[in-house]
Amino acid sequence: MPEVRLFGGLRDAVDGAELVQVEGTTIHELLQNLGQEYPHMRGRIGQGIAIAIDGVIYRDDWEQPIPEGAEVGLLARISGG
């Protein structure tokens, strides 16, 4: 089960936790399970989440596999212009 590190404003959606454990073998599965376990995360996920897996950031590749033992981090997307 991946251990997921949350950055910045995402922590308030998981009761202030920095780390949570969530089942998921792909980004899609992990986000789906995260939203089920922490309902406040659903809105954050809908606003856009970037996911780092072993230091590589993924934004829209929902079928990206999450390797066993990978370092996973979630951060809110930042809009730019």
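Of everything listed in (1) at pLDDT below 90; (2) on the phi < 0 side of the Ramachandran plot, the single unmet condition for L74 is (1). Going residue by residue through the range 37-45, is there one that turns out to be open to solvent by 20 Å² or more (accessible area, probe 1.4 Å), charged (D, E, K, R) and out of contact with any strand residue (DSSP E or B) (no Cβ under 7 Å at 6 or more places or on another chain)? Yes, because at least one residue in the range 37-45 is open to solvent by 20 Å² or more (accessible area, probe 1.4 Å), charged (D, E, K, R) and out of contact with any strand residue (DSSP E or B) (no Cβ under 7 Å at 6 or more places or on another chain). The set of residues in the range 15-30 being over 13 Å from L75 (Cβ atoms) and either touching a helix residue (DSSP H, G or I) at 6+ places or on another chain (Cβ under 9 Å) or open to solvent by less than 20 Å² (accessible area, probe 1.4 Å) (or both) consists of A17, V20, V22, E23, G24, I27, L30.
Listed by first and then second residue, the pairs linking a residue in the range 34-61 that is modelled with pLDDT of 95 or more to a residue that is in a strand (DSSP E or B) and aliphatic (A, V, I, L, M), with Cβ atoms under 6 Å apart and 6 or more places separating them unless they lie on different chains, are I53/V72.
The values are calculated or read from the model by the stated rules, or taken from the named source; none is laboratory data. Predicted, not measured: the structure shown is a model, and the values here were computed from it. Backbone-built Cβ (ideal geometry, glycine too); neighbour counts: all protein chains shown. The accessibility values were calculated without ligands, DNA or RNA, using every heavy atom of the protein model including side chains. Shrake-Rupley method; radii C 1.70, N 1.55, O 1.52, S 1.80 Å.
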